[in-house]
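Down below is the structure, laid out as structure tokens.
All of the numbers you see were taken from the coordinates with simple rules; none came from a lab. Because the structure is a prediction, the values reported are computed rather than measured. Methodologically, a virtual Cβ is constructed for each residue, glycine included, from the backbone with ideal geometry; neighbour enumeration extends over all protein chains shown.
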Amino acid sequence: MIPSPLARKRVVITRPALQSEMLVNALTERGAEAIVRPLIAFSDPEDFQPLDKAISEIRQFDWLMFTSGEAVRSLARRSNKLGRSLGRQGSDLQVAAVGPGTAETITKAGLQVDYVAQEHSGIGLANELGERLGGKKVLLPRSDRANPDLPRELRFHKAEVTEVIAYRTVKATELELKELLGLLNGKAEAILFFSPSAVQHFVEMIGGEQLRSLEDKMAITAVGPVTANALGDAGVRRIVQARDTTAAAVVEALEEYFVENLRQAQTGARRA
């Protein structure tokens, strides 16, 4: 059996372990060492009242839109605590996901997914649904640091948007950051970013220059186009991009990178 290009590669995953289990397993199966060092963590909203109100009125909405797996988990967890079902009994509620990874989490939460964005971004989701949103009530449970582009685009399409904070995104501790820096100092071959928030936290804590300096040392990988845009805005030019948030897409992007890296090294060696 031919070994995977990921064999013996150390891959740093910058999101929480709970959300990374499938990816860790996929990397491990290919002989890679998956190292989970979150740049962000998730916490409850400071005030549950807006979220609770939205849950109690869930059947009044036409669309329930999720842009992250954590939004799904947070909404489901709070609904269970309140003893309320998110099911669509007695309503025409439709559920939309920003990508297949989020869709999979929705399904695991017991909900049917009616639409998955082909572009795998919030703006893509809004534009693809387009005229179907006119006059519709949309519930958008999100992070307190979510990008404002999606609700603005939904309103452009004449949707009535209710945006609620389902969870808060918080930064890694100084100890966690120190451990991460130690790994990036020649001890890993790839680092994975899963959200613009993670990129933003990295730049805030370490600096854009430090991030850009990693380009020559490892595969700076964006999971999804929105995260790739955030890395580009931070000045990173050589970005490995997974097409979506699934483990398969991330593994495929990394394998392609390391194959191409090896090919270029062999070509250079022959020329020398």
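Just a few scattered comments:
- Lysine pairs with alpha-carbon atoms under 15 Å apart, the range 130-272, spacing 8 or more or separate chains: 4
- Label point distance in nm, ALA7-GLN60, each placed 7 Å from Cα along Cα→Cβ: 6.0 nm
- Proximal aspartates and glutamates relative to LYS9, as straight alpha-carbon distance under 17 Å, when same-chain residues fewer than 8 apart are discounted: GLU29, GLU33, GLU189, GLU215, ASP216, GLU252, GLU255, GLU256, GLU260
- Here's the list of lysines a cross-link from LYS108 could span, going by alpha-carbon distance under 19 Å and ignoring same-chain residues fewer than 8 apart: LYS81.
- The range 203-272 and the range 99-131 have Cα centres separated by 26 Å.
- Once both labels are positioned 7 Å from their Cα atoms along Cα-to-Cβ, the gap between GLU256 and VAL170 label points is 3.8 nm.
- Value of [θ]222 nm, deg cm²/dmol, for the chain, DSSP H segments ≥ 4, -39500 (n - 2.57) each, nearest 500: -13000 deg cm²/dmol
- Expected-Rg normalisation [2.2 N^0.38 Å, Cα atoms] applied to the range 132-272: 1.29
- Gain in span if fully extended, SER43 to GLU209, counting 0.36 nm per residue against the direct Cα distance: 56.8 nm
- Considering only ALA97, ALA230, ALA198, the mean-square fluctuation computed in a Gaussian network model of the chain, springs between alpha carbons under 10 angstrom, is largest for ALA230.
- Dipole magnitude (debye, nearest 20) for the range 1-160, charges at Cβ of Lys, Arg, Asp, Glu: 320 debye
- Protection proxy ranking for 183-190, 242-249, 67-74, using the average of other Cβ atoms within 10 Å per residue and placing the highest first: 67-74, 242-249, 183-190.
- Selected from GLY232, GLY101, GLY83 as most flexible by GNM, with the chain as the system and alpha-carbon contacts under 10 Å: GLY83
- With the charge dipole of the range 108-264 set up from +1 on Lys and Arg Cβ and -1 on Asp and Glu Cβ about the Cα centre, the Cα lying farthest toward the positive end among the listed residues ILE220, ALA159, SER197 is that of ALA159.
- Projected label points at ARG263 and ARG145, each 7 Å from Cα along the beta carbon direction, are separated by 3.7 nanometres.
- Neighbour cut-off at most 15 other Cβ (10 Å), DSSP loop, trypsin sites (Lys or Arg not before Pro), the range 1-66: ARG8
- Measuring r between the beta carbons of THR28 and LYS187 and using R0 = 25 Å, the FRET efficiency lands at 0.90.
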